[in-house]
Amino acid sequence: MTGTYGGSGGGAARPAAGGAAPERHWAPGEQILWRYRDHAPGPAGPIHIARPVTVVRDTDELLAVWMAPGTECVKPVLSDGSPVHREPLATRYTAPRTTARSRWFGGGVLKLARPGEPWSVWLFWDDDWTLRNWYVNLEEPRTRWAGGVDSVDHFLDIAVYPDRTWKWLDEDEFAQAQRIGLMDQDQARRVVDAGRAAVEVVKAWGAPFCDGWQDWRPDPAWRIPVLPEDWDRTPAHMTS
């Protein structure tokens, strides 16, 4: 398996928008970065979450990646190094922050994302590979670059369980983000609409829930990707 991020390899090319050079699909086993930008004012905040992942599948219809247990990632922390979730909700998004490297604890995560869709679907298993739940992460449609994909998290999430029941998550954080101006009413409305659209997919048990991903297992030959030193680099070219 290649140890580079988005370098030349065996992936097939696909057409790019606007007459740009064709966009190459990543091959299974390639390592890329799955990143999120901070909710800073302006068109693009700094990267504050970076997770090295291994590509499972990359087609025009779906990007599937595996984040292995023990992967070194970058996450936001408070300026004193303490976890963000320990900060009271009233100041959670205004207290000074920085980033820190840390290992992903618990089991691995399979992430599934369709191009242009304002959410990704994550699968979590117990230690014995019993499916615990799907997790619908509402987010900006991902933009691709040579080394991975970037997005912005939208606070609100949905848990989906093996019995096909579901529930909203993090509604308090979603409301707080609006109160302090990280998200205006129009954007919040679009996020809720996206969540409702995702719920309709769940109710119909559409893709990816019906596609058997709960039975997928990682290739035992895959090594845990290494977090690169330039994990926060600015891509030269990005596409949706």
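The values are calculated or read from the model by the stated rules, or taken from the named source; none is laboratory data. What you are looking at is a predicted structure, and each value in this text was computed from that prediction instead of being measured. Glycine gets a Cβ as well: all are built from the backbone with ideal geometry, and neighbour counts include every protein chain shown.
Remarks
- Residue that is farthest from His85 (Cα to Cα) [pool: residues in segment 147-179 that are of a type in the set (Asp, Glu) and not in a loop (DSSP other than H, G, I, E, B)]: Asp150
- Checked against the criterion of being under 17 Å from Leu110 (Cβ atoms), buried (at least 20 other Cβ atoms within 10 Å of the Cβ), touching a Ser or Thr at 6+ places or on another chain (Cβ under 9 Å) and not polar (S, T, N, Q), the candidates Val160, Val149 yield just one match: Val149.
- Of all residues in segment 220-232, those that are in contact (Cβ under 8 Å) with a residue 60 or more places away in the chain have Cβ atoms under 6 Å from Cβ atoms of residues that are assigned to a loop (DSSP other than H, G, I, E, B) and among the β-branched types (Val, Ile, Thr), 6 or more apart or on another chain, in Ile224/Thr71.
- Evaluating Leu182 against the criteria (1) part of a loop (DSSP other than H, G, I, E, B); (2) more than 26 Å from Gly45 (Cα to Cα) leaves one unmet condition, (2).
- For Gly181: the one exception among (1) more than 21 Å from Trp125 (Cβ to Cβ); (2) within 19 Å of the chain's Cα centre (by Cα): (2)
- The one condition in (1) free of Cβ contacts under 8 Å to residues at least 24 places away in the same chain; (2) more than 30 Å from Thr91 (Cα to Cα) that Ala175 fails to fulfil: (2)
- Strands (runs of 3 or more DSSP E) lying entirely in segment 100-145 (those with 1 or more residues that are under 11 Å from the mean Cα position of the chain (by Cα), of a type in the set (Asp, Glu) and within 14 Å of Ala68 (Cβ to Cβ)): none
- Selection status of Pro118, over 24 Å from Pro225 (Cα atoms) and in contact (Cβ under 8 Å) with a residue 60 or more places away in the chain: yes
- One residue stands out among those in segment 2-58 that are modelled with pLDDT under 55 and part of a strand (DSSP E or B): the one that is farthest from Arg142 (Cα to Cα), which is Ala13.
- Selection over segment 90-122 of residues that are among the β-branched types (Val, Ile, Thr) and buried (at least 16 other Cβ atoms within 10 Å of the Cβ) gives a count of 3.
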